[in-house]
Amino acid sequence: MKAMIRMRIGDHDAHYAGKLVDGAKMLQLFGDVATELCIRADGDEGLFRAYDSVEFLAPVRAGDFIEAEGEIVGWGRTSLKMEFVARKVIAPTPKRNDTHESSADLLSEPEIVCRARGTCVVPANMRRAAEFGRPKPCIITAAIVGAETTREQNPHLPITAEELGVEAERCANAGASIIHLHVRDDAGKASQETERFRAAVRAIRARTNVIIQTSTGGAVGMSVAERAGPLGLTGKDAPEMATLNVGTINFGDDIFQNSAAEAKEMAERITKHGATPEVEIYDAGHIDIAADLVKRGVIKGPLHLQFVLGIRGALSANQRNLQFLLERMDELPARSTWGVAGVGRYQLAMAELAARWGGNVRVGLEDNIYLDKGVLAQGSAPLVERAALLCKNHGREIATPEGARKLLGLAK
Ligand code: KMH
Ligand code: ZN
């Protein structure tokens, strides 16, 4: 959660020679930003308890315009950890023959003048509503196998139904509440056969009560009918969720095709089955397609989105792209939820960003095989463990499977 104020520094704030402004002025601005953040989060002005660090990085003078921005980066029971940055965006023009007393310039690059970190408190009895603006518990999805990763790339990849069951249980114990499920044939090749999914679903449910989200993306080159294999599972074997891919992208050197007609057909198959769709968003236009499917009544809101970022040929995994996608969420039905699956080396960095910004997180060997640079993950569970730690560091609770069912509105 972020807040920002912009103000002109007046002559009355100039305290030192050369119209220099006292550093305390920046802290006053941060105080106001912090107050707004407390109000947004808890419905109360709150109290500033302490600054952990303050750095004054450039002089501020009368006539400068300062933009002070703050962000909540950690949520405790009653405390909020915040980071602040103040930037100079306008400054009086240095005196020259061709300028006036009142000449001023928009700076082509804002200049950072101050940074700080601190903690604010809203006592428990003053928090107007416990759920006011605080992020919900984080739902961690483990994508334990996928269609592309091979045993040669990571020998810990689970393949048989039994191995998938064991890995799903390890991930659940580490904090995952959803298993994003693909299956493989005996040769380890991607398969969408109903019976292979049945065996995996049974092996998982024999061990843990996680939500099973079957893939209807399958592997590139498969038809809609083939990809819909897991939707053949009904009754006690039925998946609670299924992915819905709504747009075509370059997928590395391949093409992952989801034409308008194919996306509509898959959406209808998922609706008919009764599974809750998770819409996979690989590119910005996919939000428009999802919104259109809602408008035409093919799928119902609130939607559950997975931003899959970092596939070569689609939107890359970085803060700017995620921020842009989040800004566009207001075009979707109210109470729609989102998560991020960072592909490759950006997986944990994107997981941290999602945890910090109140979203959900997907990790696992489908998208990334490394725990650290050059260190293979020993299955998806260590990645889930890492994601859970990132959530805790940002004060996020981890959703249990039951909690996730409530948050996602899954039918019993
Ligand atoms: N294997 C990718 C081509 C999904 O599970 O819905 C598609 C995929 C998406 O993995
Ligand atoms: Zn998948």
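Please treat every number below as a calculation from the coordinates, not as lab data. Just so we're clear, the structure is a prediction, and the values are computed from it rather than from any experiment. Note that we place each Cβ from the backbone using ideal geometry, even for glycine, and neighbour counts take in every protein chain shown.
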Quick calc, the chain, dipole around Cα centre from Cβ unit charges on Lys, Arg (+) and Asp, Glu (-), nearest 20 debye, gives 940 debye
Compactness summary of region 240-393: radius of gyration and Dmax from Cα atoms, Å, are 15.5, 47
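What's the ranking of 241-248, 43-50 by average number of surrounding C-beta atoms within 10 Å, highest first?
241-248, 43-50
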Using alpha carbon centroids, what distance separates region 34-81 and region 299-323, in Å?
29 Å
Just want to confirm a number: the relative contact order over the chain, from Cα pairs under 8 angstrom separated by 6+ residues, in percent.
15 percent
Pick from 387, 176, 58: which is most flexible by mean-square fluctuation in a GNM of the chain where alpha carbon atoms under 10 Å apart are linked?
58
Show me 152-160, 5-13 ranked by packing, highest mean number of other Cβ atoms within 10 Å first.
152-160, 5-13
Which of the chymotrypsin sites (Phe, Trp or Tyr not before Pro) found in region 281-355 are in a DSSP loop and have at most 13 neighbouring Cβ atoms, other than their own, within 10 Å?
none
Over all Cα pairs of the chain, how is the pair count split among 10 Å bins, expressed in % and running from 0 up to the last occupied bin?
5, 20, 27, 21, 14, 9, 4, 1, 0
Listed peptides 113-122, 201-210 by packing density, highest first (mean Cβ within 10 Å)
113-122, 201-210
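Name the GluC sites (Glu not before Pro) in region 367-406 that are in a loop by DSSP and that have at most 16 other C-beta atoms within 10 Å, would you?
Passing sites in region 367-406 are 397.
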Could you give the angle, 0 to 90 degrees to the nearest 10, between helix 347-356's Cα long axis and the longest principal axis of the Cα atoms of the chain?
60 degrees
Listed pairs 2/295; 25/136; 136/264; 264/406; 25/81 exceeding 24 Å between Cα atoms
2/295; 25/136; 136/264; 264/406
Most mobile listed residue (341, 68, 260) in the chain, GNM with C-alpha springs under 10 Å
260
Helix 285-295 against the longest principal axis of the chain: what's the angle in degrees, Cα atoms only, rounded to the nearest 10?
70 degrees
To the nearest 10 degrees, the tilt of helix 161-174 (Cα long axis) against the first principal axis of the alpha carbons of the chain is 30 degrees
Trypsin sites (Lys or Arg not before Pro) restricted to region 279-347 and DSSP loop, no more than 12 other C-beta within 10 Å
296, 300, 335
Given all pairs of different Cα atoms, what value in angstroms does the Kirkwood hydrodynamic radius of region 2-126 take?
15.4 Å
